[in-house]
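The values are calculated or read from the model by the stated rules, or taken from the named source; none is laboratory data. Please read all numbers here as calculations on a predicted model, not as lab measurements. We place every Cβ from the backbone using ideal geometry, glycine too, and count neighbours over all the protein chains shown. Only protein heavy atoms, including side chains, enter the accessible area calculation; ligands, DNA and RNA are left aside. Shrake-Rupley method; radii C 1.70, N 1.55, O 1.52, S 1.80 Å.
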Amino acid sequence: MSTRLTKLPAEDLSKLIGAAGAQQMMTAMPNLLFQLPTSAGEEVAKCLWGISRDLSPKNQMVMTEFFVGMNTIFASAGKESNDKSKLSTSPALLRALQNFVASGLFDEFCKVAAQSSKIDASSSSYATSIAAYLECLDMISASTITTDTMGIQSDVAYNNVLVMASCAPFSSKQTRRVETWIARQNVRGDPSNLRMLLLSSLAVAPQARNDIEMKESIANLFDIMLVAGTNNTLSIELIAAKIAYWWDSRYMNEMSAATHPIQRVTTMSSFLISSNLCFEVQSLPNKEISAIFDLFVTDLPAKLALLCQTWKISDDISNCATRLCKDATDKKKACLQKIIQLLDGGGE
């Protein structure tokens with residue numbers, strides 16, 4: 001009976017059992033798949049994914065429960081050998097499900113999440129679905145499947161950048177690839193594209209793992225600005241967000257007060273920092289999300305100057321900022337001028 005229900009069109013199923021019933025079906029998915037042979041199990045999993053995908057715009061918890069159920073199956077695989085009383089999945093079905101989650105459904109998931117995020121002041125956030133999906137990928141990457149075969153290796157585009165940015169923790173290469181793509185995009189034109197870039201910047205900004213990676217990332221973004229420019233890109237905003245997160249995560253305020261007392265560092269943006277900020281601001285209009293980045297940019301010069309001194313890249317960044325300042329306008333020009341002043345020893 002359960003397998004027959006999964007083959008119904010999502011709209012018919014929703015009328016029959018309602019969104020709550022569909023959500024319960026996803027919750028029961030592990031017990032259902034444990035009973036099926038490989039081919040039937042794979043077919044049912046794909047049908048359940050189709051249902052969760054189609055119903056998620058009205059109730060995204062259906063999709064979240066799908067990924068939670070998959071994670072339950074992946075987690076149980078490692079325990080089967082120790083507890084024979086547990087229901088088990090055949091190795092072939094387990095591999096098929098891992099491949100399906102890691103790559104088979106990736107593009108469709110990205111598009112669904114992107115459609116919601118493009119809406120100005122959207123009340124629908126796929127935060128819980130993305131978080132559950134990342135837990136699945138984490139479980140899969142710990143098995144025989146490597147990140148090289150996952151969907152995150154797809155080309156970055158507007159319809160997948162938000163999920164791509166959220167997946168950045170899986171590798172420094174992924175982080176660099178996503179932030180490089182964001183920094184190169186022209187923000188003139190479609191407001192929904194601007195919104196997607198802002199949200200994705202918030203998702204990828206916290207993902208530096210150490211000083212070397214952070215230093216190389218900042219240098220790379222300044223190099224990109226020399227080619228793509230500053231006025232029509234979000235390069236400065238992305239740098240400012242990355243610096244804000246890095247500063248907060250390393251408790252740099254204490255360091256600056258102790259070692260650089262004459263250089264006052266503003267920390268208003270620190271009140272906004274959270275690991276889930278990308279989705280916490282989902283319901284805000286573009287203007288208010290942009291205002292958050294304005295705070296990051298305001299705090300950027302003094303923080304960047306101190307970090308550049310620590311990383312011993314002051315001259316390189318000062319030279320880049322000087323070249324960029326010639327064509328920059330308005331707030332970005334003022335930001336670059338302040339960076340140059342502080343890097344050249346001007347103080348405040």
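Please work out if A40 is without any contact (Cβ under 8 Å) to a residue 40 or more places away in the chain and more than 24 Å from S116 (Cα to Cα). Write out each step before concluding.
Details: without any contact (Cβ under 8 Å) to a residue 40 or more places away in the chain: yes; more than 24 Å from S116 (Cα to Cα): yes.
Yes, satisfied.
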Review point. Are any residues in region 229-264 assigned to a helix (DSSP H, G or I), modelled with pLDDT of 90 or more and aliphatic (A, V, I, L, M), and if so, which ones?
Key: I236, L238, I239, A240, A241, I243, A244
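Condition check: at pLDDT below 90 and surrounded by 21 or more Cβ atoms within 10 Å (Cβ to Cβ). Does I119 satisfy that? It would help to see each step written out before you state the result.
Details: at pLDDT below 90: yes; surrounded by 21 or more Cβ atoms within 10 Å (Cβ to Cβ): no.
So I119 fails the test.
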Check your understanding: Given the conditions (1) within 20 Å of S171 (Cβ to Cβ); (2) open to solvent by 10 Å² or more (accessible area, probe 1.4 Å); (3) at pLDDT 75 or above, which single one is not true for T147?
Key -> (3)
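Could you pull out the residue among I273, I289 that is at pLDDT below 95, β-branched (V, I, T) and in contact with a Leu (Cβ under 6 Å, 6 or more places away or on another chain)? Please lay out each step first, then the result.
Details: I273 fails: in contact with a Leu (Cβ under 6 Å, 6 or more places away or on another chain).
The conditions single out I289.
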Practice item. Specify the residue that is farthest from N276 (Cα to Cα); the eligible residues are those in region 166-202 that are open to solvent by 10 Å² or more (accessible area, probe 1.4 Å) and hydrophobic (A, V, I, L, M, F, W, C). Key: V187
Review point. Taking region 203-214 as the search range and keeping residues that are assigned to a helix (DSSP H, G or I) and in contact (Cβ under 8 Å) with a residue 24 or more places away in the chain, which one is most open to solvent (accessible area, probe 1.4 Å)?
Key: D211
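So that you can scan it fast, the table gives a plain yes or no per residue for (1) open to solvent by 50 Å² or more (accessible area, probe 1.4 Å); (2) under 22 Å from the mean Cα position of the chain (by Cα); (3) among the β-branched types (V, I, T):
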position	(1), (2), (3)
M25	no, no, no
L32	no, no, no
T38	no, no, yes
V44	no, no, yes
N71	no, yes, no
Point to revise | Where a residue in region 79-100 is in a helix (DSSP H, G or I) and of a type in the set (S, T, N, Q) and its partner, wherever it lies, is open to solvent by 40 Å² or more (accessible area, probe 1.4 Å) and at pLDDT below 90, with Cβ under 9 Å and at least six apart | key: Q98/M139; Q98/S143; Q98/T144; N99/T149
**Study point:** Count of residues meeting criterion [surrounded by fewer than 19 Cβ atoms within 10 Å (Cβ to Cβ) and touching a Cys at 6+ places or on another chain (Cβ under 8 Å)] in region 273-297
**Key:** 0
**Study point:** Neighbours by Cβ (under 8 Å, 6+ apart or cross-chain): first from region 271-289, part of a helix (DSSP H, G or I); second open to solvent by 70 Å² or more (accessible area, probe 1.4 Å) and modelled with pLDDT under 85
**Key:** N286/D120; N286/P191
Check your understanding: Would a scan of region 194-206 turn up a residue that is in contact with a Ser or Thr (Cβ under 7 Å, 6 or more places away or on another chain) and among the hydroxyl-bearing types (S, T, Y)?
Key -> no
**Study point:** Among (1) outside any helix (DSSP H, G or I); (2) in contact with a Phe, Trp or Tyr (Cβ under 9 Å, 6 or more places away or on another chain); (3) of a type outside the set (D, E, K, R), the one test that L307 misses
**Key:** (1)
Exercise for review: Determine whether F100 is modelled with pLDDT of 75 or more and closer than 22 Å to M29 by Cβ.
Suggested key: yes
